[in-house]
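J.: Below are the structure tokens for one structure; questions will follow.
The values are calculated or read from the model by the stated rules, or taken from the named source; none is laboratory data. Everything numeric here is computed off the predicted structure, so don't read it as measured data. Glycine gets a Cβ as well: all are built from the backbone with ideal geometry, and neighbour counts include every protein chain shown. To get the accessible areas, we keep the full protein, side chains included, count just its heavy atoms, and leave off ligands, DNA and RNA. Shrake-Rupley method; radii C 1.70, N 1.55, O 1.52, S 1.80 Å.
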Amino acid sequence: LEIGVKREAQVFLVGAGPGDPELLTLKAHRLIQEADVVVYDRLVSDAILDLVPAGTAKIYAGKATKCRAMPQDEINELLAKVAQAGHRVVRLKGGDPYTFGRGSEEAEHLARCGIAFEVVPGITSASGCSAAAGIPLTHRGLASGVTLVTGHARDDRSLDLDWHRLADPDQTLAVYMGLAMLPKISAELIAAGLAPSTPAAAIASGTTAKQRVCIGTLTDLAERARAQDLQPPVLILIGRVVGLSAVLAPTATAEAHDAEERRHVAI
Ligand SMILES: C[S@@+](CC[C@H](N)C(=O)[O-])C[C@H]1O[C@@H](n2cnc3c(N)ncnc32)[C@H](O)[C@@H]1O
């Protein structure tokens, strides 16, 4: 019995943030340097993997073959096995481990096996994309709250969300894994009463060098994203706050600044 005895964590479930390595926490960075083994996801950016020391074992737990992801129970067992062999494991996950990351399932398995673990939060993609695209998640007078949902479904019928609760013009909706279902999501929200003109954005590979931002409305965002051939990972933001990107997006700020400079020069 180990009541009151704090065992040293062997597995660290670490959030790697949305992609920009400078958005890693200091703790994540330190643990990556100290790990014996790093087990990483498809969504962990190359720039972050470059920070793993050359001598550290790296195990990819994303897509095992072209279309088959490593099943969750295999990942759970892998983590337990490597830790039980006495290695210090960093399980590196995109964004935050406890936000649509299945980190809690891994934690449950480790707890069941009696393996000590620690969760290190990361910047979730809603926060990262929000900042990178100049779209605040909340804003006085525009959005009094934000709801994070998954748009992932095996088929059309299983995307079973409470559309009436989500169709709230005073809230921002952040949809993870929603690109494929975007036409359905938009149609459901409109049917539930959200104005078709509600601003909406799709942010692909937010905070990375490949970031692309597509802005539209609930009516046309799916078509715009398709026309621009946006590729996952994509985060969708829906709500009046999206309108602020025209002023707050880093490029918009630079343009506004340039225009201001030109105005001063002209004076
Ligand atoms: C399995 S979920 C993992 C979420 C992650 N745990 C987090 O906190 O961001 C994968 C989804 O996260 C979103 N995502 C992750 N990284 C992203 C990025 N850099 N840009 C846009 N969306 C991202 C996308 O919606 C993607 O389909």
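J.: Cα-based count: Lys pairs in the chain below 23 Å, eight or more positions apart or different chains?
T.: Counting lysine pairs in the chain gives 14.
J.: Run lengths n ≥ 4 of DSSP H only: what is the helix-derived mean residue ellipticity at 222 nm for the chain, with -39500 (n - 2.57) per run over all residues, to the nearest 500?
T.: When only DSSP H runs of four or more count, the value is -9000 deg cm²/dmol.
J.: Turning to a different aspect of this structure: Please report, in whole Å, how far the alpha carbons of the chain spread along each principal axis, starting with the longest.
T.: Ordered largest first, the chain gives principal extents of 68, 53, 41 Å.
J.: Give me the percent of accessible area attributable to carbon and sulfur for the chain, probe 1.4 angstrom.
T.: 54
J.: Moving on. If the elastic network links every pair of Cα atoms under 10 Å, which of GLY114, GLY15, GLY145 fluctuates the most in the Gaussian network model of the chain?
T.: Greatest mean-square fluctuation among the candidates belongs to GLY114.
J.: Amide H of LEU13 versus every other amide H placed in the peptide plane: which residues, excluding those fewer than 5 positions away on the same chain, fall under 5 Å?
T.: Under 5 Å from the amide H of LEU13 lie the amide H atoms of ARG91, GLU118, VAL119, VAL120, each far enough along the sequence or on another chain.
J.: Something else: According to the square roots a ≥ b ≥ c of the eigenvalues of the Cα gyration tensor, what is the shape class of the range 69-142, taking rounded for a/c under 1.5, prolate for a/b larger than b/c otherwise, and oblate for the remainder?
T.: Judged from the Cα gyration tensor, the range 69-142 comes out prolate (a/c at least 1.5, a/b above b/c).
J.: Let me ask you something else. Just to verify a number: what accessible area does ASP46 come out at with the full protein assembly present, 1.4 Å probe, Å² rounded to tens?
T.: Roll a 1.4 Å probe over it and ASP46 shows about 110 Å².
J.: Moving on. How much accessible area per residue does the chain have, in Å², with a 1.4 Å probe?
T.: Per residue, the chain has 53 Å² of solvent-accessible surface.
J.: Using modelled amide H (1.01 Å from N, peptide plane; none on Pro or chain starts), what sits under 5 Å from the amide H of VAL146, excluding residues fewer than 5 places away?
T.: When sequence neighbours closer than 5 places are left aside, the close amide H contacts are THR172.
J.: Under a point spin-label approximation (7 Å from Cα along Cα-to-Cβ), what is the LYS81-GLN33 distance to one decimal in nm?
T.: Reported label-point gap for LYS81 and GLN33 is 3.2 nm.
J.: In addition: Residue by residue, what Karplus-based ³J(HN,Hα) values in Hz, rounded to whole numbers, does the range 71-84 have, using 6.51, -1.76 and 1.60 with θ = phi - 60° and x for Gly and Pro?
T.: x, 4, 5, 5, 5, 4, 5, 4, 4, 5, 5, 5, 5, 5
J.: Given the C-alpha atoms of the range 123-200, compute the convex hull and give its volume per residue in Å³.
T.: 97
J.: Between LYS210 and ARG226, what is the label-to-label distance in nm when each label sits 7 Å out along the Cα-to-Cβ direction?
T.: 2.2
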